[in-house]
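In what follows, a structure is listed as structure tokens, so that the remarks can point back to it.
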Amino acid sequence: NSRLIVALSAIGKDATAVGDWNLVEAYSANGFTWIKKQGINGSIWALIALDSGNYQTTDATIRQQCIDSILSLQHDDGGWSLMANKTYASDPDITGMALTALYPYRDQPAVAEACEKAFTCLSEMQHENGTFASGGSECSESCAWVIVACTTWGINPDTDSRFIKNGKSVVDALLTHYLEESDTFEH
């Protein structure tokens, strides 16, 4: 539901009027239990979806419930992982997504503090060649989510010293995953 709302918003469509369907109303109608059914991903993408079109819910607590849930799942090192169990290592993809989702709420002191820790965590996760890995594999997706998080927060991922290792930025690292012969990025 959330990713469909994001896609519709990206092409200028109103997710509250998709034929006879109001996709946004599903958050209020089904409640936070439904949103978090997918774990942290549900809360992250609900926030991104709602903010993609400045959509309002009839349950005014939905956004704050998502924020509080994301913050409660932050690891001690400042990152987040897909699994709620904090014994899993922080993941650059989920950390980047969480940072992106939390940006509109940066005026909340708890959000600002959590996000500052998260950027430090991301910087520490960066490999010496500038890239990032999810599940032990260096990949374009991890680099891309770090870039999205940085640019959302007004950080230049190509010049900010936190995201440059041995002269290689995360942007340089993303470009190492480019496959010229097919004009795509490898997974």
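The values are calculated or read from the model by the stated rules, or taken from the named source; none is laboratory data. This one's a predicted model, so the numbers in the text were calculated from it and none came from an experiment. Note that each Cβ is placed from the backbone with ideal geometry, even for glycine, and that neighbours are counted across all protein chains shown. These area figures cover heavy atoms from the full protein model, side chains too; ligands, DNA and RNA do not enter into them. Shrake-Rupley method; radii C 1.70, N 1.55, O 1.52, S 1.80 Å.
Taking a ≥ b ≥ c as the square roots of the eigenvalues of the Cα gyration tensor, an a/c ratio of 1.5 or more together with a/b no larger than b/c marks the range 1-51 as oblate. Residues LEU102, LEU73, sorted by accessible area with the largest first, give LEU73, LEU102 [1.4 Å probe; ligands and nucleic acids excluded]. Among rounded, prolate and oblate, which fits the range 24-63 when a ≥ b ≥ c are the square roots of the eigenvalues of its C-alpha gyration tensor, a/c under 1.5 means rounded, and a/b larger than b/c means prolate? Here the range 24-63 falls in the oblate category.
Across the range 39-49, rounded Karplus estimates of 3J(HN,Hα) from the backbone phi angles (6.51 cos²θ - 1.76 cosθ + 1.60, θ = phi - 60°) give x, 4, 4, x, 5, 4, 6, 5, 5, 4, 5 Hz, Gly and Pro being marked x.
Set against the labelled values (1) 51, 40, 27; (2) 55, 44, 29; (3) 73, 39, 28, Cα extents along the principal axes in Å computed from this structure falls on (1). Overall shape: oblate for the range 126-178, with the ratio a/c of the largest to smallest alpha carbon gyration tensor axis at 1.5 or above and b/c at least equal to a/b. Taking a point 7 Å from the Cα of VAL148 along the Cα-to-Cβ direction, the residues of the range 76-103 with backbone N closer than 17 Å to it are 80-83, 91-103. About the centre of its Cα atoms, the range 15-80 shows a dipole size close to 100 debye [charges on the beta carbon of Lys, Arg (+1) and Asp, Glu (-1) only; nearest 20 debye]. Only DSSP H runs of four or more residues enter the estimate; each adds -39500 (n - 2.57), and after division by the residues of the chain the mean residue ellipticity at 222 nm equals -15000 deg cm²/dmol. Assuming charge only on the beta carbon of Lys and Arg (+1) and of Asp and Glu (-1), the dipole of the range 104-187 about its Cα centre is about 360 debye to the nearest 20.
Against the globular-protein guess of 2.2 N^0.38 Å, express the Cα radius of gyration of the range 14-85 as a ratio, rounded to two decimals.
Values: Rg = 13.0 Å, N = 72, 2.2 N^0.38 = 11.2 Å.
The value comes to 1.16.
Our note on the geometry: Cα centres of the range 13-32 and the range 143-187, 34 Å apart.
Taking the charge dipole of the chain about its Cα centre, with +1 at Lys and Arg Cβ atoms and -1 at Asp and Glu Cβ atoms, the residue from ALA101, TRP80, SER43 reaching farthest to the positive side is SER43.
For LYS165, the aspartates and glutamates whose Cα comes closer than 20 Å to its Cα, not counting residues fewer than 8 places off in the same chain, are ASP77, ASP91, ASP93, GLU116, GLU124, GLU128, GLU138, GLU141. Site pair LYS37 and ASP76 shows an inter-label distance of 3.5 nm when each label is modelled 7 Å from Cα along Cα→Cβ. Cross-link check: pairs LYS37/LYS168; LYS36/LYS168; LYS13/LYS117; LYS13/LYS36; LYS36/LYS117 evaluated at a Cα-Cα cut-off of 31 Å; pairs beyond the cut-off: LYS37/LYS168; LYS36/LYS168; LYS13/LYS117. Report, please, the projected area of the range 89-187 averaged over directions, based on the convex hull of its C-alpha atoms, in nm². In nm², the orientation-averaged hull projection of the range 89-187 is 6.3. Measuring r between the beta carbons of GLU128 and ARG106 and using R0 = 30 Å, the FRET efficiency lands at 0.50.
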